[in-house]
Number of protein chains: 2
Amino acid sequence: MKKFIGIDLGGTNVRAALIREDGEVLCVNKSASNPEKGAEHVVDVITNLVLDLPDYQQAQAIGIAVPGLIDSERGVITAANNLAKLVGYPLTSTLSKRLQNKPVYLANDGKAAAIGEALAGAGKGKKIVYYVTISTGIGGAAVIDGQLLMGRHGFAGEVGNMIVNQKDKAYGIMNKGAVESGASGTAITRKGKEKISQDIQHAGEVFDLAKEKHADAIAIVEEMTDDLSNLLSSVSLVIDPDLIVLGGGVMKGKDVFFDRLEEKWKSKIFDAMTDAELVSAQLDEPGIVGAAMYALSRESD
Amino acid sequence: MKKFIGIDLGGTNVRAALIREDGEVLCVNKSASNPEKGAEHVVDVITNLVLDLPDYQQAQAIGIAVPGLIDSERGVITAANNLAKLVGYPLTSTLSKRLQNKPVYLANDGKAAAIGEALAGAGKGKKIVYYVTISTGIGGAAVIDGQLLMGRHGFAGEVGNMIVNQKDKAYGIMNKGAVESGASGTAITRKGKEKISQDIQHAGEVFDLAKEKHADAIAIVEEMTDDLSNLLSSVSLVIDPDLIVLGGGVMKGKDVFFDRLEEKWKSKIFDAMTDAELVSAQLDEPGIVGAAMYALSRESD
């Protein structure tokens, strides 16, 4: 079975792993990333982590997932709050030179999680997988026949900006009624503060109150599933996926909203489509597995 | 240059053409289809039309476009109001036997128009093309790297059912607030009857009144562009196409709504995406050219 190296590079830590093509994690090494020390330092850290992986030489290619905007063709980070000194740096080509000239591919961490779930997680074996992450923001990605759909500008999947209602205000640069402004973790927390108490600090508290039958909390969750089901319905009508995978931190509260969301989504697509599935993300390690699966997908492009 | 045969089979007429891979129509034959006489009769008619095309033997494959639901894998019509006697009939295999065992591929006429526009019309040379038809109903299709995206159930592109507003009622089997119920030709006519006069017979009359600054007609067109721009924005955020092509009978009134629609659509996507284009369909013969391009796409699948 082929092997790949997956690297999950964040502002605090970096993890490097040797991963089989079926997604099995064979070995993981971890270190502080210290990106404030500059790009060369980060390259040294990553190189050492990889060299310390037993049998790393067997890997066919290397994938790196980073939290930021990236130019996947050039292998360069174009914007990243926590990796500012790496912006514009030739990360993939430098790493490739340090690591036996193996091919190195760079992906946004959300896109990496999507292809990880599609190829090695909840979507394994499915032809068309749509991944939606519900976290601070909302994003998505389509994986079709094992390949990420990037779109003309790399914006395919920026579904957080999708207009799902006419009643909400516009927040930031997002559309009036955008799903991210109504159903993200940030939005649930904001609504909790507005409608329940200024003491609400995160979405989980609203979900806990909904479990305790707090009427305002239940109403917030109902709005959330209204908005999200419109998003999922629109995604289904555009690409008719076999499976939609929901990931992201807000899924910690899925007990409160998942069944209701699934019911509303199925009511908003055609009956013949309702054997498509809605499931939770499965990967314990979406960063490293996703990075490795991204490398696999690029190698079989 | 390769050649293909495109067949546009309708309830009244059938057209068969020899078409070059660049979309150039070399020769067209036409006949009454008389589908009420049964499937064997229709096969005879099509066979004779093809045999009468000079150099039809040079064609690599044959595509057929029909107005109905089809099973593209089995090459069988599964539902078609105007071709009822052909439902379930082994159309592609029978035609193939009659025509030198050439490969024969069957497509819905909307999907055929989409791939025709993508490969030989307004989308020629573009990587990701989305086609939207605004007619009695509203439908769409994505063509990615020269291939139609069909989806799990063949429902990819059934975007007429996309929820674009919360104010409209539910009509038929469509979602409450579905774009087809607010912005199709049928919807414009219905709104014209409700808000202007019971004498309104078709959408074109509403557009004419809007040109004459009739306030209610202008309001109907404003709602239409609100709804359609939400649809186009959602499509852009899901697949980030290079180009969106608008076709269908309602485009005869484009002078009244196209520029406003484009403006609203661009205001509802990210600034970095606004170099994507919104254009009118270009093909004079979407049926035959689309059928031929569908055959081409299946042969290069």
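The values are calculated or read from the model by the stated rules, or taken from the named source; none is laboratory data. Quick caveat: nothing in here was measured; it's all calculated off a predicted structure. Positions of Cβ are generated from backbone atoms using ideal geometry, with glycine treated the same way; all protein chains shown enter the neighbour counts.
Figures for the structure shown
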quantity	calculated
Within region A:131-150, considering residues that are more than 18 Å from A:VAL250 (Cα to Cα) and modelled with pLDDT of 95 or more, the one surrounded by the fewest Cβ atoms within 10 Å (Cβ to Cβ)	A:ASP145
Residue among A:GLY157, A:GLY75 that is within 14 Å of another protein chain (Cβ to nearest Cβ) and at positive phi	A:GLY157
Flag for B:GLY185 being touching a Ser or Thr at 6+ places or on another chain (Cβ under 8 Å), closer than 21 Å to B:ALA112 by Cβ and away from every other protein chain (no Cβ under 14 Å)	yes
Yes/no for B:VAL206 being in contact with a Lys or Arg (Cβ under 8 Å, 6 or more places away or on another chain), outside the structural domain of B:LEU18 (by TED's automatic domain parsing) and within 23 Å of B:GLY177 (Cα to Cα)	yes
Within region B:271-281, considering residues that are in contact with a helix residue (DSSP H, G or I) (Cβ under 7 Å, 6 or more places away or on another chain) and either free of Cβ contacts under 8 Å to residues at least 12 places away in the same chain or outside any helix (DSSP H, G or I) (or both), the one nearest to the other protein chains (Cβ to nearest Cβ)	B:ALA276
Selection within region A:48-103 - of a type in the set (D, E, K, R) and within 22 Å of A:ALA17 (Cα to Cα)	A:ASP52, A:ASP55, A:LYS97, A:ARG98, A:LYS102
Filtered residues of region B:228-270 (kept if more than 14 Å from every other protein chain (Cβ to nearest Cβ) and of a type outside the set (A, V, I, L, M, F, W, C))	B:GLY247, B:GLY248, B:GLY249, B:LYS252, B:GLY253, B:LYS254, B:ASP255, B:ASP259, B:ARG260, B:GLU262, B:GLU263
Strands (runs of 3 or more DSSP E) within region A:14-124 that include 3 or more residues without any contact (Cβ under 8 Å) to a residue 40 or more places away in the chain and touching an Asp or Glu at 6+ places or on another chain (Cβ under 9 Å)	A:25-32
Yes/no for B:ALA276 being within 28 Å of B:ILE62 (Cα to Cα), touching a strand residue (DSSP E or B) at 6+ places or on another chain (Cβ under 8 Å) and small (Gly, Ala, Ser)	no
Checking B:LYS191 against (1) within 23 Å of B:ILE239 (Cβ to Cβ); (2) in contact (Cβ under 8 Å) with a residue 12 or more places away in the chain, the condition it does not meet	(1)
Those helices (runs of 4 or more DSSP H) lying entirely in region B:161-257 with at least 2 residues modelled with pLDDT under 95, crowded, with 18+ Cβ neighbours inside 10 Å and acidic (Asp, Glu)	none
Per-region count, region B:43-64, residues touching a Lys or Arg at 6+ places or on another chain (Cβ under 8 Å) and either aromatic (Phe, Trp, Tyr) or more than 11 Å from B:ILE5 (Cα to Cα) (or both)	2
Matching entry among B:GLY68, B:GLY116, B:GLY121, B:GLY110 (being within 24 Å of B:LEU237 (Cα to Cα), at pLDDT below 95 and crowded, with 19+ Cβ neighbours inside 10 Å)	B:GLY110
Single unsatisfied condition, A:THR12 versus (1) in contact with a helix residue (DSSP H, G or I) (Cβ under 6 Å, 6 or more places away or on another chain); (2) under 26 Å from A:ALA114 (Cβ atoms)	(1)
Condition check for B:SER233: touching a Lys or Arg at 6+ places or on another chain (Cβ under 6 Å) and farther than 16 Å from B:TYR131 by Cβ	yes
Residue tally, condition among the polar types (S, T, N, Q) and farther than 21 Å from A:ARG298 by Cα, over region A:66-96	2
Condition broken by A:ILE128, with the remaining ones in (1) within 14 Å of chain B (Cβ to nearest Cβ); (2) over 19 Å from the mean Cα position of the chain (by Cα); (3) surrounded by fewer than 24 Cβ atoms within 10 Å (Cβ to Cβ); (4) aliphatic (A, V, I, L, M) satisfied	(2)
Unmet requirement for A:ALA59, which otherwise passes all of (1) surrounded by 18 or more Cβ atoms within 10 Å (Cβ to Cβ); (2) under 22 Å from the mean Cα position of the chain (by Cα); (3) closer than 14 Å to A:ALA291 by Cβ	(2)
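Quick grid of which residues meet (1) without any contact (Cβ under 8 Å) to a residue 40 or more places away in the chain; (2) within 16 Å of the chain's Cα centre (by Cα); (3) over 24 Å from B:GLY204 (Cβ atoms):
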| residue | (1), (2), (3) |
| --- | --- |
| B:ASP145 | yes, no, yes |
| B:GLY151 | yes, no, yes |
| B:VAL159 | no, yes, no |
| B:ASN165 | no, no, no |
| B:ALA170 | yes, no, yes |
| B:LYS176 | yes, no, yes |
| B:SER184 | no, yes, no |
